[in-house]
1. If I take every Cα pair under 8 Å that is 6 or more residues apart in region 452-541, average their sequence separation and divide by the length, what percent do I get for the relative contact order?
2. With every protein chain kept in the model, how would you rank Tyr373, Tyr423 by accessible area, 1.4 Å probe, largest at the top?
3. Where does the charge balance sit around Asp276 when Lys and Arg score +1, Asp and Glu -1, over other residues with C-beta under 10 Å from its C-beta?
4. Using the Cβ atoms and a cut-off under 11 Å, what net charge is assigned to the surroundings of Ser220, where Lys and Arg are +1 and Asp and Glu are -1?
5. Select from Leu124, Ser347, Ser205 the residue farthest towards the positive end of the dipole of the chain; place +1 on Cβ of Lys and Arg, -1 on Cβ of Asp and Glu, and compute about the Cα centre.
6. With every protein chain in place, what's the accessible area of Phe180 (1.4 Å probe, Å², nearest 10)?
7. Mean separation of Cα pairs under 8 Å and 6+ residues apart, divided by the residue count of region 138-210: what relative contact order is that in percent?
8. Largest first, what is the accessible-area ranking of Asp189, Asp108 with a 1.4 Å probe?
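The values are calculated or read from the model by the stated rules, or taken from the named source; none is laboratory data. Keep in mind the model is a prediction, meaning the values are calculated, not measured. FYI the Cβ positions are ideal-geometry reconstructions off the backbone, even for glycines, and counts take in every protein chain you see. For accessibility, only protein heavy atoms count, side chains too; no ligands or nucleic acids. Shrake-Rupley method; radii C 1.70, N 1.55, O 1.52, S 1.80 Å.
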Amino acid sequence: MPPPLQAHRMLLSHRRTSPIPRRRFTAVSSLSSAPAKTLAPGPPASSILSIRESLLSGERTAADITSEYLSRLRRTEPSLRSFIHVADAAAEREAEELDRRISSGGRDAAGPLSGVLVGVKDNLCTASMPSTGGSRILDGFQPAYDATAVRRLREAGAIVVGKTNLDEFGMGSTTEGSGFQVTTNPWDDSRVPGGSSGGSASAVSARQCVVSLGSDTGGSVRQPASFCGVVGLKPTYGRVSRFGLMAYASSLDVVGCFGSSVFDTATILSVIAGHDKMDSTSSSHDVPDYRSDLASLSLLESKPLNSVRIGIIQETLGEGVDAGVISSIRAAASHLEQLGSVVEEVSMPSFSLGLPAYYILASSEASSNLSRYDGIRYGRQVSADDLNELYGNSRANGLGHEVKMRILMGTYALSAGYYDAYYKRAQQVRTLVKKSFEEALGKYDILISPAAPSAAYKIGEKTNDPLAMYAGDIMTVNVNMAGLPALVVPCGFVEGGSAGLPVGLQMIGSPFSEGKLLEVGHIFEQTLQDLSFVPPLVADN
């Protein structure tokens with residue numbers, strides 16, 4: 001985040017923008033993305049469908065499937081460190097119980113997610129295992145209930161295999177900010193998996209679990225999905241209940257999901273979406289079966305996106321974005337054109353203003369939300385002679401550097417004499433960002449951009465440069481500010497590691513247009529040729 005004065009100047013410099021200019025997208029690019037080591041190129045299969053079919057046919061048992069994933073998890077976890085807590089014994093018991101139910105009850109005993117192993121980001125409450133938010137201040141804390149999204153997964157038959165690592169309370173972009181361990185990227189273990197849902201993305205990429213849950217406050221599902229080469233979905237604000245999600249910035253937080261295919265991601269959303277009386281911000285908007293419009297490759301027409309209008313955000317392909325990323329995104333846009341869509345460049349001049357406004361708003365909300373961690377009600381407590389000293393010592397010893405810094409920034413922005421200059425002005429910019437998206441999405445069905453300005457970078461590369469790390473969120477924070485849905489699908493590679501580093505294409509839609517995003521994303525991944533997004537650590541075994 002820019003220093004407060006610089007951020008203030010950036011906000012002051014905003015002026016009302018003119019109507020959105022458009023120009024025809026030109027697919028030609030002199031840049032070429034790095035070649036990837038490919039294996040069995042072809043459309044990604046649905047792991048959830050495969051598991052269900054093998055269970056119901058009797059080809060495999062839930063115990064066999066669980067054993068396979070746990071074996072891979074145990075083999076890869078020492079280098080990846082995707083999980084803070086692994087519930088392997090509980091997963092094996094649940095799988096055996098599922099086998100008994102299927103044996104006696106047949107197809108009726110199997111739910112839509114029976115036998116599917118799910119990783120859950122550790123800022124979502126789980127009654128049966130610890131929930132720390134990645135913070136030492138909650139070390140050992142075990143809630144009395146499941147978050148609504150977790151409960152709905154369990155009711156659908158899913159097996160929660162463990163809690164995934166994250167930047168402390170979701171504040172970070174690398175998962176280096178965890179209070180417990182640093183997660184690595186399955187494509188290159190010297191690189192970050194992204195954040196803050198880095199553990200969830202890494203676990204799906206390495207096939208340690210089938211799918212996973214994350215949370216997205218400013219890109220925490222989409223950026224790790226891009227870095228790890230998996231599908232990541234940030235739903236519309238209110239589409240999925242936030243009950244049981246540890247609050248960071250309540251007006252921005254969204255529960256999202258990861259999968260190795262769009263179909264698997266759509267399946268998870270169909271289960272977790274919907275109104276919840278425990279969350280007053282959850283929407284009562286109807287929940288469709290998001291899988292119903294996802295046709296197989298053999299059923300697609302020659303131009304399946306013939307009626308779709310797509311705008312590629314011009315400001316996301318300029319200065320500060322790696323050349324290889326730009327090349328991959330332009331190649332993806334060209335592929336969408338070949339599928340029949342109309343792709344045009346669209347200018348959104350207010351796009352760059354969202355970043356400083358986001359960090360003011362998110363930090364301000366965090367300074368309020370995190371006041372509950374005081375060492376009294378739950379979590380780590382440090383003994384002291386008086387109450388104020390107990391509060392101070394418990395927080396000083398339990399909270400990490402990044403969390404403390406954001407609490408201080410947010411408290412400053414909300415303080416008397418500065419509220420209008422920072423928080424109020426940031427809210428005004430948020431309104432402008434939202435209107436800019438409304439105008440663009442009035443002309444286009446979908447907007448596209450990179451999910452991040454670069455591919456995964458080295459662990460420790462930006463630890464001492466927080467401004468550079470914050471700047472990496474520029475592609476994603478505006479979507480949270482506007483409360484819109486966005487889907488990230490792998491689209492290419494840049495040079496790095498032994499097999500290249502994946503790049504993700506971000507697709508942004510109007511509120512509650514997840515169905516359209518998933519449909520286009522599914523067609524895109526099904527028709528993408530000669531690329532395999534399976535990391536070497538899985539492929540080599």
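1. That works out to 25 percent.
2. Tyr423, Tyr373
3. Taking every Cβ under 10 Å from that of Asp276, the sum is +3.
4. Net charge in that neighbourhood comes out at -1.
5. Ser347
6. The accessible area of Phe180 comes to roughly 50 Å².
7. 25
8. Asp108, Asp189
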